[in-house]
Amino acid sequence: MKIKLSLSALYGLLSINLLAGTEDLTILYTNDLHSHLEPHLESWISESRPVGGFANLATMVKQEKAKKENTIYLDAGDYFSGPYVSSLTKGEAVIESMNHLGLDAACIGNHEFDYGWENMILQMNKAKFPILNANIFIKETGEPVWNNPYIIIQKGELSIGVIGLHGKFAFYDTINFRMIKGVEARDENIYLEKYLAALKDQVDMIVVVIHHGMPGRQSSLGQTDVMRRLNSDIKLAKRFPEINVIVSGHAHTGTPDAVKVNNTLIVSTNAYTTELGKLEISFDTKNKKIISHNNQLLTIFDDEVVEDKKMSEVVSYWQQEVDSIASEKISYSSSNLTRAYGRESNMGNLFADAMEDYDDAIDFAVVNSGALRQDITKGDVSFGDLISAFPFPNTLVSTKLTGSQIKEIFDHAAGLSNGILQVSKSFKYSFSPENRVINMWLNGKKILENQLYNVASSSFVTDGGDGYLVFKEGLETKDTGINIYEVVKEYLASKEIFSAQIEGRIIEEI
């Protein structure tokens with residue numbers, strides 16, 4: 001017996017065959033949350049509308065997961081170090097809050113080590129969501145610091161392997177070496193290859209969640225202030241074409257359009273809970289590749305989202321726990337104190353001046369721009385404001401350097417790979433668009449090549465952080481043991497009203 005099919009039925013059968021083995025998946029993603037538990041202003045987004053906050057983020061994640069069953073939420077690291085609640089609880093408040101975000105997995109970032117690697121393990125053990133890392137090890141034993149290199153997530157008919165990594169360069173370039181003494185990051189490529197092979201026959205799809213590449217800008221001046229790119233992720237995608245998606249952190253560089261490298265998609269957000277990334281894909285399970293996608297960065301405006309009740313309660317609890325310390329009034333600022341990554345900032349001037357004034361023996365002080373993490377608005381300045389602005393447990397260190405060594409240091413700063421060096425009132429320098437220092441002056445006199453100068457900075461910088469390795473060659477190095485925010489607190493406490501200005505300390509020659 002012959003069966004006759006209508007033209008429409010025939011098209012239907014063809015469509016079914018064409019779609020066989022195709023699964024839809026939504027990947028929600030964030031990176032570099034940096035402890036922004038509460039909504040805050042980001043001037044490059046809006047001068048008046050607060051954005052972000054964990055309670056708003058939790059609501060948006062729930063809403064997106066309710067729309068489509070095949071939805072996962074991943075984070076690419078650096079959830080510690082930001083507003084003072086992280087520093088004062090050594091990250092505990094952040095992990096306890098993240099337990100209510102709806103995460104399916106997160107990788108480890110360099111700032112999770114800011115209070116020491118032992119503390120990192122302590123806090124990670126409190127997580128109720130999977131935390132991943134495949135390439136950081138304890139030197140003495142050779143054991144993984146965090147023994148959970150990957151997970152397999154099943155969504156509908158789709159099996160997804162998620163591998164967590166930390167870029168070796170990113171780990172050592174922007175980390176406090178004192179806090180990782182005894183641990184090491186190994187080449188991410190070697191361990192990625194290992195776990196890609198392990199997952200090859202177990203999963204349909206590979207997602208890599210990685211803290212990688214160049215450090216993010218810490219600035220109030222927005223997208224035009226030192227453009228950051230995702231070159232390390234692009235190279236990774238070219239080397240390992242079997243990766244379907246890379247969710248990247250560290251660069252603080254949002255991808256309104258997913259970066260496509262052959263058949264791999266790379267996505268990232270602009271950090272600080274300002275947005276939730278949303279990547280929608282259709283996946284061919286037979287050929288193990290993405291056949292179509294749509295990517296969005298959903299800005300989290302506080303006035304557009306109803307806060308998640310449970311998360312709001314958790315955040316309020318932790319804010320109350322630290323409020324007695326953080327609320328102490330130190331001074332009054334007659335202007336907004338803002339950061340910049342590629343030019344002089346009045347916040348940088350404040351912190352550098354406080355460091356120079358700490359000891360008469362100090363000739364001048366420098367602050368790495370990446371250390372300044374949050375603006376301070378005009379008005380009363382609290383101790384919490386200072387901790388949020390400089391949230392790291394770095395101490396004030398002075399060391400003697402020659403003029404030629406100082407030039408090497410400022411040549412590196414002028415390259416902008418890690419941001420410009422903010423300088424104190426006694427120092428001034430100029431650099432060219434070709435990224436080399438032209439002149440340097442101390443109290444109006446040119447720096448002499450063979451003369452010794454007593455230079456102060458944070459222990460992070462003097463230990464060689466951000467690529468300032470020349471500091472390690474200094475003579476008569478003296479560590480005060482006093483935290484930078486304590487130094488600034490003492491400096492401001494003597495000033496009832498304070499005004500920080502841009503004074504032309506850093507000159508870009510055209």
Report task. Can you run down the residue pairs with Cβ atoms below 6 Å, 6 or more apart or on separate chains, where the first is in the range 462-477 and of a type outside the set (Ser, Thr, Tyr) and the partner is in a loop (DSSP other than H, G, I, E, B) and buried (at least 18 other Cβ atoms within 10 Å of the Cβ)? Result -> 466/418; 467/418
Query raised in the report: Which residue pairs have Cβ atoms under 7 Å apart, sit 6 or more places apart or on different chains, and have a first residue in the range 252-275 that is part of a strand (DSSP E or B) and at pLDDT 95 or above and a second that is crowded, with 23+ Cβ neighbours inside 10 Å and aromatic (Phe, Trp, Tyr)?
Result: 267/29
Requested in this report: Return a yes/no flag: does the range 364-384 have any residue that is over 17 Å from residue 504 (Cβ atoms), in contact with a Leu (Cβ under 6 Å, 6 or more places away or on another chain) and at pLDDT 95 or above.
Outcome: no
Query raised in the report: Looking at the range 4-14, is at least one residue modelled with pLDDT of 85 or more and either surrounded by fewer than 21 Cβ atoms within 10 Å (Cβ to Cβ) or outside the structural domain of residue 162 (by TED's automatic domain parsing) (or both)?
Result: no
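Could you say which residue among 499, 417, 426 is within 25 Å of residue 170 (Cα to Cα), surrounded by 13 or more Cβ atoms within 10 Å (Cβ to Cβ) and polar (S, T, N, Q)? Full working, then the answer.
Values: 499 fails: within 25 Å of residue 170 (Cα to Cα); 426 fails: within 25 Å of residue 170 (Cα to Cα).
From the options 499, 417, 426, the qualifying one is 417.
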Report task. Within the range 70-89, track down each residue that is at pLDDT below 95 and either among the acidic types (Asp, Glu) or closer than 18 Å to residue 175 by Cβ (or both). Result -> 81, 82, 86, 87
Report task. Scan the range 227-254 for residues that are surrounded by fewer than 21 Cβ atoms within 10 Å (Cβ to Cβ) and in contact with a Leu (Cβ under 9 Å, 6 or more places away or on another chain) and jot them down. Result -> 239, 240, 242, 254
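Which ones in the range 320-339 are within 24 Å of the chain's Cα centre (by Cα) and either outside any loop (DSSP other than H, G, I, E, B) or within 26 Å of residue 60 (Cβ to Cβ) (or both)? Even if it seems obvious, please write down each step before you answer.
Step one: filter the range 320-339 for residues within 24 Å of the chain's Cα centre (by Cα), giving 322, 326, 336-339.
Matches in the range 320-339: 322, 326, 337.
Checking the conditions here, which among 351, 392 is farther than 22 Å from residue 506 by Cα, among the aromatic types (Phe, Trp, Tyr), touching a residue at least 24 places away in the same chain (Cβ under 8 Å) and not in a strand (DSSP E or B)?
Among 351, 392, only 392 is farther than 22 Å from residue 506 by Cα, among the aromatic types (Phe, Trp, Tyr), touching a residue at least 24 places away in the same chain (Cβ under 8 Å) and not in a strand (DSSP E or B).
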Report summary line: Out of (1) in contact with a helix residue (DSSP H, G or I) (Cβ under 9 Å, 6 or more places away or on another chain); (2) under 20 Å from residue 389 (Cβ atoms), the one residue 47 does not meet is (1)
Report task. Taking residue 404 as the residue in question, decide whether it is in contact (Cβ under 8 Å) with a residue 24 or more places away in the chain, part of a loop (DSSP other than H, G, I, E, B) and of a type in the set (Ser, Thr, Tyr). Result -> no
Query raised in the report: over 27 Å from residue 464 (Cβ atoms) and in contact with a Ser or Thr (Cβ under 7 Å, 6 or more places away or on another chain): does that describe residue 152?
Result: yes
Query raised in the report: Can you find even one residue in the range 21-33 that is surrounded by fewer than 14 Cβ atoms within 10 Å (Cβ to Cβ), closer than 30 Å to residue 318 by Cα and modelled with pLDDT of 90 or more?
Result: no
Requested in this report: Return the total of residues in the range 360-389 being over 25 Å from residue 215 (Cβ atoms) and in a helix (DSSP H, G or I).
Outcome: 1
Query - Single unsatisfied condition, residue 490 versus (1) part of a helix (DSSP H, G or I); (2) surrounded by 19 or more Cβ atoms within 10 Å (Cβ to Cβ); (3) out of contact with any helix residue (DSSP H, G or I) (no Cβ under 6 Å at 6 or more places or on another chain) - result: (2)
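Is it the case that some residue within the range 368-377 is under 27 Å from residue 450 (Cα atoms) and in the same structural domain as residue 469 (by TED's automatic domain parsing)? It would help to see each step written out before you state the result.
Here is the first cut: in the range 368-377, the residues under 27 Å from residue 450 (Cα atoms) are 368.
Right, trim to in the same structural domain as residue 469 (by TED's automatic domain parsing) and you get 368.
There is at least one residue in the range 368-377 that is under 27 Å from residue 450 (Cα atoms) and in the same structural domain as residue 469 (by TED's automatic domain parsing).
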Query raised in the report: Looking at the range 171-184, which of its residues are among the hydrophobic types (A, V, I, L, M, F, W, C) and in contact with a helix residue (DSSP H, G or I) (Cβ under 6 Å, 6 or more places away or on another chain)?
Result: 171, 175, 179, 180, 183
Report task. Answer yes or no as to whether residue 24 is in a strand (DSSP E or B) and among the acidic types (Asp, Glu). Result -> yes
Requested in this report: Identify, from the list 358, 341, 332, the residue that is surrounded by 17 or more Cβ atoms within 10 Å (Cβ to Cβ), touching a Phe, Trp or Tyr at 6+ places or on another chain (Cβ under 9 Å) and not small (Gly, Ala, Ser).
Outcome: 358
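Can you find, within the range 294-319, the residue that is surrounded by the most Cβ atoms within 10 Å (Cβ to Cβ) among those that are among the acidic types (Asp, Glu) and assigned to a loop (DSSP other than H, G, I, E, B)? Explain how you work it out, then say what you get.
Within the range 294-319, the subset among the acidic types (Asp, Glu) is 302-304, 307-308, 313.
Narrowing further to those that are assigned to a loop (DSSP other than H, G, I, E, B): 307-308.
Working: 307: 19, 308: 24.
The residue in question is 308.
Out of everything in the range 77-105 that is among the aromatic types (Phe, Trp, Tyr) and touching a Pro at 6+ places or on another chain (Cβ under 9 Å), what residue ends up being surrounded by the fewest Cβ atoms within 10 Å (Cβ to Cβ)?
Taking the range 77-105 and keeping what is among the aromatic types (Phe, Trp, Tyr), we get 79-80, 84.
Now narrow it down to the ones that are touching a Pro at 6+ places or on another chain (Cβ under 9 Å): 80, 84.
On the way: 80: 29, 84: 25.
Across the range 77-105, the extreme among qualifying residues is 84.
The values are calculated or read from the model by the stated rules, or taken from the named source; none is laboratory data. Computed from a predicted model, the values in this text were never measured in an experiment. No Cβ is skipped: glycine too gets one built from the backbone with ideal geometry, and neighbour counts run over all protein chains shown.
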